[in-house]
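The values are calculated or read from the model by the stated rules, or taken from the named source; none is laboratory data. This structure is a prediction, so every number in the text was calculated from the model and none was measured. Counting neighbours? That spans all protein chains shown, and the Cβs are built from the backbone with ideal geometry, glycine included. Quick note on the areas: whole protein, heavy atoms, side chains included, nothing else; ligands and nucleic acids left out. Shrake-Rupley method; radii C 1.70, N 1.55, O 1.52, S 1.80 Å.
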Amino acid sequence: QQSVVCCPGFSAVQEEGEAALTEAELEQRVEIFLSETDTLWMLDVPTALVSTEAEEAGRVLERNKIYAEICSAKIDSEYFEEKIVQTISGAAKTKEVQCEAITIAEKGMMVTSWDLDNSLDASETEPAETEEPRAPAGKSSKSPPAEEQGQPVAARAASIIIAESAVPARSHEEKECHSEMILTSASLQQDLVVMERILMENIFQPKLAVYRQIPVLIEPVVTSETDVEEAEEEEDEEEKDEEKQEEASLPDAKQSPAEGAGPSLEQLWSYRCDLTSGHSVSSMAWNKVNPDLLAVGYREFVSQDQKKGLACCWSLKNPMWPERIFRCEHGVTAVDFSLASPNLLAVGMASGCVAIYDVRSREDAALLDSSASLNKHKGPVWQLRWVEQDRGATAGDKKERLMCISGDGRMTQWFIQQRLDCSDVMKIKRIESGKKKLPGERERKSEAPISQQAAGMCFDFHPEDTDIFLAGTEEGHIHCCTCSGKEQILGTYRGHKGPVYKVTWNPSSPDTFLSCSADWSILLWRRDSHTPLLTFSSVTASVHDIKWAPKSAFIFAAVNERRVEIWDLSVSIFQPVFSCAASPEGNLSSLLFARNAECLLLGDSCGQVGVWQLHNLAAPSPDQVWLCSGGLGSFLSK
């Protein structure tokens, strides 16, 4: 016999002889031809998913629609019957596959947050897919197993067609929009504020330490342990030398305590930025609860046109940029913080408008304003202040009121309700001149004034009795007034020849007050006398602002157009103890003493607020304090 080689999927063709083969024939070479049979497809399962972008997507959707209609029509129909069919599981087969060895390679690259963000967006993007319906239940095609037929079988697995989901690169506009969202996010803004505070503290630490009256931190440069030991030895030697110098100078100090340098000012820093440049500082006010928060009002006048103003809140944590910026339609003439609600900032403007801002909010819009009030001011609001007044029969029943004085001759109090509205406290009327007629002078015909009311310029409430206040006018008069009673004006103080810019009670001696005017003079008054007690005039310039020192009843500061002056009435009543030009770039316009430091704040016409440290101011002696307790006027008379 002749053996036949059989392979799966192939058939062998053998040529056989009729008789038995001899040995010679067996040694002969025989050719065997192998040929491939036709492939028989026993199972063909088409794909179940088709991409929405494929050409046959419309046809598949139509078939799905038809199938859904058929399924809905089968319900409660007598022409359909549902049956369960169990298919025979084929015998398991073991197959071995040999492949090439898997090579592993390491690869590294640098990525940024932008790459991570793009990858995240790409992973979240999924193409829409449409599912093709399968055959109805109970109708399955059956075919005999391949082993029974003795024929090879090639089965093709169903594949899922997925559309190419290549994520397109972001356009330039989308990248700019995304970067703008990041830069304007609240978390980034908060992080920038923290970083800015750290930088400002490092830059201004020596100046802030002087302001706080704490030691200045000096960071030593140390590179090794030996350097540390040497630095400690040098510090010990310096301390010993300082102690020796103090011991050597101690007897001289005891012998002449009054000798030494006189009063002086040292500039620490300035509150200024590009936004306030070109504006004039009109007013300043400390927050009543947070002594590190300063409100500054700015205005600008070019010829006769009024430009927009600013109200900025500065903090010691950043002297280079304000914490809050409120842009006003008109120049700001007065600012003041509330005591009952420290977050409320009242702002008076040159147009007569009064606005209240919430400093906790970063929005530029006002919380309330007087634009809708029918009783609003017709002239500039030169000064405003929150005042606590007794409004009940019980002791301690106080309510805070916002008081304003305006160029229209009205003193008003404002009420914060659903809107901002006011009522008149008093109307300042013009007073005829008290000049006596000279002998032989004819009687002139009286000319009626243009307005029956005098423009109000400033006011100040009594530190102990908030029912009494002083009001300065454009005529140069100072009225002592009361908020209750028919006769509102208790008395009039005549002494100035020009508009009265500021009046201020002495906080330590409530029976005296100061006033400054455009007539180059500062007057000291006693409440019970209509004649000035003292007149201070050192330069020929208008005095714009005056303030009493918070810790002394004898010291006050004044600013004119060019210089700042420090007066100490216990030293001299003729000349200031200190005078200097504190603003070489512009004219001084306002001043304010610091509440928790020995410092003086000076505002000028260039938009700068300089913080100056006061040095070597003489403290009042115990005898002077005892004499001043009876009144500053009685002390000066002695």
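Just reorder GLU196, GLU230, GLU464 by solvent-accessible area, largest first, 1.4 Å probe, all chains present.
The most accessible residue leads, giving GLU464, GLU230, GLU196.
Multiplying the sequence separation of LYS95 and ARG562 by 0.36 nm and subtracting their Cα-Cα distance, what value in nm do you get?
Between LYS95 and ARG562, full extension yields an extra 157.8 nm.
By how many nm would the segment from GLU56 to LYS288 grow when fully extended, if each residue of separation counts as 0.36 nm and the alpha-carbon distance is taken off?
75.8 nm
Output the pairs from LYS398/LYS497; LYS376/LYS398; LYS376/LYS551 with a Cα-Cα distance over 31 Å in this structure; if there are none, say none.
Beyond 31 Å: LYS398/LYS497; LYS376/LYS551.
Calculate, for segment 286-420, the solvent-accessible area per residue in square angstrom, rolling a 1.4 angstrom probe over the heavy atoms of the protein chains.
46 Å²
In what order, largest first, do LEU374, LEU569, LEU208 sit by accessible area if the probe radius is 1.4 Å?
Listed by decreasing accessible area, they come as LEU374, LEU208, LEU569.
For ILE522, what charge total do you get from the other residues with a beta carbon under 11 Å from its beta carbon, if Lys and Arg give +1 and Asp and Glu give -1?
Value of the local net charge: -2.
Specify whether the C-alpha gyration tensor of segment 452-555 places it in the rounded, prolate or oblate class, a ≥ b ≥ c being the square roots of the eigenvalues: rounded for a/c under 1.5, otherwise prolate if a/b is larger than b/c and oblate if not.
Oblate, because a/c is 1.5 or more while a/b does not exceed b/c.
Hey, quick one: spin label on CYS71, modelled 7 Å out along Cα-Cβ, who in segment 28-55 has an amide N within reach, i.e. under 18 Å?
Answer for this model: 47-50.
What's the local net charge at SER605, with K and R +1, D and E -1, over the other residues with C-beta under 12 Å away?
-2
For segment 38-99, give the percent of accessible area contributed by carbon and sulfur heavy atoms, probe 1.4 Å, rounded to a whole number.
In segment 38-99, the share of accessible area belonging to carbon and sulfur is 53 percent.
Mind giving me the FRET efficiency for GLU234 and SER187? R0 is 60 Å, r the Cβ-Cβ distance, nearest 0.05 is fine.
0.85
Hey, rough spin-label estimate for GLU106 and ASP467, points 7 angstrom out along Cα→Cβ, what's it come to in nanometres?
My value for the distance between the label points is 9.0 nm.
Ignoring ligands, DNA and RNA, what percent of the accessible area of segment 499-609 is carbon or sulfur (1.4 Å)?
Answer for segment 499-609: carbon and sulfur cover 50 percent of the accessible area.
State the extension gain, in nm to one decimal, for the chain segment bounded by PHE33 and GLN213, taking 0.36 nm per residue of separation less the distance between their alpha-carbons.
53.7 nm
Calculated FRET efficiency, ALA372 and GLN575, Cβ-Cβ r, R0 56 Å, to nearest 0.05?
Plugging the Cβ-Cβ distance into 1/(1 + (r/R0)^6) gives 0.60.
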